[in-house]
Amino acid sequence: MSDAIKHECGIALLRLKKPLEFYKEKYGTAFYGIQKMYLLMEKQHNRGQDGAGFASIKLDVEPGERYISRVRSNDAQPIQDVFAQINDRINEELALHPEYLDDVALQKKMIPYLGELFLGHVRYGTFGKNSIESVHPFLRQNNWMHRNLILAGNFNMTNVKELFQNLIDLGQHPKEMADTVTVMEKIGHFLDNAVTDLYQECKNNGLTKREASPVIAEKLDVARILRRASKNLDGGYAMAGLLGHGDAFVFRDPAGIRPAYFYEDDEIVVVASERPVIQTVFNVDFEKVQELQPGNALIIKKNGTVTEQQILEPTVKKACSFERIYFSRGSDAEIYQERKNLGKLILPAVLNAIGDDTDNTVFSYIPNTAETSFYGMVEAAQDFLNQRKNNYILENRKKLTKEKLEEILSVKIRTEKVAIKDAKLRTFITEDSSRNDLVAHVYDVTYGVIKPTDNLVIIDDSIVRGTTLKMSIIKMMDRLKPKSIVIVSSAPQIRYPDCYGIDMAKLEGLIAFQAALELLKERNLYHIVDEVYVKCKKQEDLHDNDVVNFVNEIYAPFQPQEISDKIAQLLSSPEINAEVKIIFQTVENLHIACPKNLGDWYFTGDYPTPGGNRVVNRAFMNFYEGKNARAY
C-alpha cells in the first residue's frame, strides 16, 4: 500500500490442557507454551508494531505464590523486547538454581511466565500517545483470585463516552476515558457481582471461604457476565480475557467486524486474529481452524472444557473487507485467492483505459501488498491475449504461415517490477516541505524497461490519501517517459472514515472526499456542503439509532468515474508529461471477490452499527468547523 494505514490489532490466546510435565516429555521443554506464544505473536507482527504485551496464569498454585505475570513493551521492536525480558528472567532463575532444570514442578512454582494459560497482543495505536500504559493486556487486580481480569483486544468502540457514563452510573470512578479501560471495568463490575452472588450461595450452603473458592471457579458463568457487560457496546471487537483462577474467553462483535479464529485438540486451545498463524504454528490443516462466529464467545473453563456460546444476537455479517484487501497476511488460502480475484475483476476497466492495447503496455505493482492482486490482473490479461490470439488464428487459419503463427504465439503480456520501495528510508521530519522531499524518494524505479509508446499500468491495493502517489510514485513513473500512467486500485474509492480500528478517522484526509469537494466547487454545488452540515448539526442530540448518514449527499451528484478522474487531476502535477488515469474497483466486484467479508462502510457509508452514522457526521462537522479532533 502506497499510503500506509495502521490497523488495530492482533491477539493470541493459548491454553495448555495437559500438565506441564506432558510438554516436557513430548516436546522436550516445559516452556512449550511460551515458545508457541512467541511464534503466534511474531507471525502477527504485521497487525501491530507500536507495542506488544504478554500475560500468563499458573493454575492451582498455593496461596502466597505468584500466579499472574505480565510484561509489556513499546520498544522499537516490541515483540522481541517482550520475549527478551521473559528469556532473561527465565535464564537468570535457571542460572541461580540449576536444580530447577529437570524439575518441572519447581520450574512452575519458582519461574515467572511459566504457566498453562497465556494471552498476547500486538498493537497499532489509532489514536493518542504510544505510551506503555496504552499497551495491552490490561490488568484489573484483586486479592480474590476469581476477580482478577486480564483483557486484550482488537477493537474500537464508537460510544466510549456512553460506556464511561455507564460506569459512573454504576458507582465507579474510572481512571481514564478509553475504550479498553471502560470495557474492562464493565466486565469487571459484572464479574464482581457474579463472584459475590456465588460466594453468598456457598455461604448459605455452609461452606467456608476457602471451600467456596473452587466452587466459585466451577460455577462461574462467563457467558452471563459477558451478556450483562456487552449490552451497550457499539463497535468492532474481538476481545480476549483471562480470569485469575483460570477461566478464559474470546468474544466477537455481532457484525463480525474484527476477526478471530480458533483450534482445539486434546493438548491445546488456541485463538488468533488470523487463520494461517494457527495453521503454521501448530501445523494443522485449513479445515481444522474454525472461525469464531459473530456475537459469540469461545469460553474455556479452568477444567479445560471449551464451548462456543452466543452472547449477542448476530446482525448482518459485515466482516472488515480491508482484512482481505490489505491487513491479513496473504498466506491464508482464501485470502490469497480473493486478492487474485480482485486483480482479475478490475482488468476490463484497465483494458478500457489502454484501448485493449496490451502489446504496448507494461503491467507492474506497488510493492509489496499489491503483488497478489497483480498476479490476478496479469493472469486475466494473459487470458485476454490468448483469446485474441485464438480469434486471429481461427479467422486466418487458411493463410497462416509457420513464421506468422510463431510470431503470434510469441507475444506475451509484458510485466516488470518498476517500483522498488526503499525500506530503509524513513520520513521522520514533520515539517511539510522537508518531509515531502523525503516522501518523493520512498520509491525507486527500474530504468530502461519502458518505451515512449508504452502505457504503464501499476496496481496498488488501495488509495487512501494519495500523498505518496502524488509526491513519489507518479513522479518516479513519469521519469520512465511512458505515454500514459494508469494507477489501478484493487479496492474501491475510500469515501468515509473508519471508526472500528483503522486510522482513517478524518474525512478531509481522504482523497476521494477532496475530489468530491472540488467537483462541487466547479459545478456551483458547494451549497450542498452547507446543507449537509446543517443536517448533521440537527442530529447531534439524537440517539444513535435515529441518526442518518448525510455525508452520502456530498458524493450523490457524481458518478464514480467522475470522482476517479478528479482524483487523477489532484494527484498529477504540472510537470508530469504522461497522461495519468486512475481506476478503482467497484463495490460490486469487491463483494464478488471477497464474499465472506462484506464490510464496506469506508466505501459506501453503510455502517454496520448505529454509532458509525454518528461518527461520520461528527467527522464531517469537524471538517466544516476546522476542528482537528477525533470523531468518536
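Since every read-out is calculated from the coordinates, none of them should be taken as a lab result. Just so it is clear, the model here is predicted, and its values are computed rather than measured. No Cβ is skipped: glycine too gets one built from the backbone with ideal geometry, and neighbour counts run over all protein chains shown.
May I ask you to sort SER462, SER69 by Cβ crowding, counting other Cβ atoms within 10 Å and putting the fewest first?
Values: SER462 24, SER69 18.
Fewest-to-most ranking of SER462, SER69: SER69, SER462.
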**Item:** Inter-part distance where region 578-592 and region 72-95 are each reduced to a Cα centre, Å
**Value:** 46 Å
**Whole-Hz couplings from phi, Karplus 6.51/-1.76/1.60, listed for region 613-621; x for Gly and Pro** = 5, 5, 5, 5, 5, 5, 4, 5, 5
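Tell me what the chain gives for mean residue ellipticity at 222 nm when only DSSP H runs of n ≥ 4 count, each as -39,500 (n - 2.57), the sum divided by the residue total, rounded to 500 deg cm²/dmol. Before the final figure, lay out the partial values.
Numbers: 21 runs with 243 residues, N = 632.
Roughly -12000 deg cm²/dmol at 222 nm, from the helical runs in the chain.
Under the 0.36 nm per residue contour assumption, what length would be gained going from the current alpha-carbon distance of VAL316 and GLN49 to full extension?
On the way: separation 267, 0.36 × 267 = 96.12 nm, distance 3.15 nm.
Using 0.36 nm per residue and subtracting the Cα-Cα distance, I get 93.0 nm.
Cβ neighbours within 10 Å, averaged per peptide: list 84-96, 217-229 in order, most packed at the top.
Working: 84-96: 13.9, 217-229: 18.2.
Per-residue mean Cβ counts within 10 Å order the peptides as 217-229, 84-96.
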**Message:** Take the residue pairs LYS288/LYS596; LYS219/LYS317; LYS566/LYS627; LYS231/LYS537 and return only those whose Cα atoms are more than 23 Å apart.
**Reply:** LYS219/LYS317; LYS566/LYS627; LYS231/LYS537
**Prompt:** In whole percent, what relative contact order does the chain give with Cα contacts below 8 Å and a gap of six or more residues?
**Reply:** 14 percent
**Asked** Which percent of Cα-Cα pairs in region 267-373 sits in each 5 Å bin, short to long?
**Response** 2, 9, 15, 15, 16, 13, 9, 7, 6, 3, 2, 1, 1, 0
**Message:** Give the separation of the Cα centroids, region 364-406 to region 177-227, in Å.
**Reply:** 65 Å
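Counting only DSSP beta bridges with both residues in the chain, what percent are antiparallel, rounded to the nearest 5?
Bridges in the chain that DSSP calls antiparallel: roughly 75 percent.
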**Item:** Integer Hz, Karplus 6.51/-1.76/1.60 couplings in order for region 401-414, x for Gly and Pro
**Value:** 9, 4, 5, 5, 4, 5, 5, 5, 5, 7, 6, 10, 5, 8
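For region 261-319, compute Rg over Rh where Rg is the Cα radius of gyration and Rh is the Kirkwood radius from the inverse mean 1/r over Cα pairs. Walk me through the numbers on the way to the answer.
Working: Rg = 12.4 Å, Rh = 12.5 Å.
For region 261-319, the value is 0.99.
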**Item:** Interchain or long-range residues, amide H under 5 Å from VAL486's placed H
**Value:** LEU456, VAL457, ILE458, LYS581
**Request:** At 0.36 nm per residue, minus the direct Cα-Cα distance, what do ARG630 and HIS591 gain on full extension? Give it in nm, one decimal, please.
**Result:** 11.1 nm
**Asked** How far is the Cα center of region 26-59 from the Cα center of region 296-322, in Å?
**Response** 22 Å
**Asked** Exposure proxy check: CYS594, CYS499 ranked by fewest other beta carbons within 10 Å?
**Response** CYS594, CYS499
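Kirkwood hydrodynamic radius of region 323-625 from all distinct Cα pairs, in Å?
Values: mean 1/r = 0.0476 Å⁻¹.
Result for region 323-625 stands at 21.0 Å.
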**Label point distance in nm, LYS161-ASP265, each placed 7 Å from Cα along Cα→Cβ** = 5.1 nm
**Asked** Taking H as built 1.01 Å from N, whose amide H comes closer than 5 Å to the amide H of TYR500, not counting residues under 5 places away?
**Response** none
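Stokes-Einstein diffusion coefficient for region 15-140 at 37 °C in a medium of 0.692 mPa s, Rh from the Kirkwood formula over Cα pairs: what value in µm²/s?
216 µm²/s
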**Prompt:** Angle between the Cα long axis of helix 32-42 and the longest principal axis of the chain, 0 to 90 degrees, nearest 10?
**Reply:** 30 degrees
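Among ASP102, ASP253, what is the fewest-to-most ranking by other Cβ atoms within 10 Å? Mind dumping the intermediate values first?
On the way: ASP102 10, ASP253 29.
With the sparsest Cβ surroundings first, the list reads ASP102, ASP253.
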**Message:** Spelling out what I want: for every residue of region 19-25, take phi, set θ = phi - 60°, compute 6.51 cos²θ - 1.76 cosθ + 1.60 (Karplus), and round to whole Hz; glycine and proline get x.
**Reply:** x, 4, 4, 4, 6, 4, 6
**Request:** Starting from the Cα-Cα distance between ASN552 and ARG224, subtract it from 0.36 nm times their residue separation and give me the gain in nm to one decimal.
**Result:** 114.2 nm
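Could you tell me what fraction of 2.2 N^0.38 Å the Cα radius of gyration of region 468-558 comes to, as a two-decimal ratio?
Numbers: Rg = 17.1 Å, N = 91, 2.2 N^0.38 = 12.2 Å.
Output field value: 1.40.
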**Interchain or long-range residues, amide H under 5 Å from TYR365's placed H** = VAL418, ALA419, ILE459
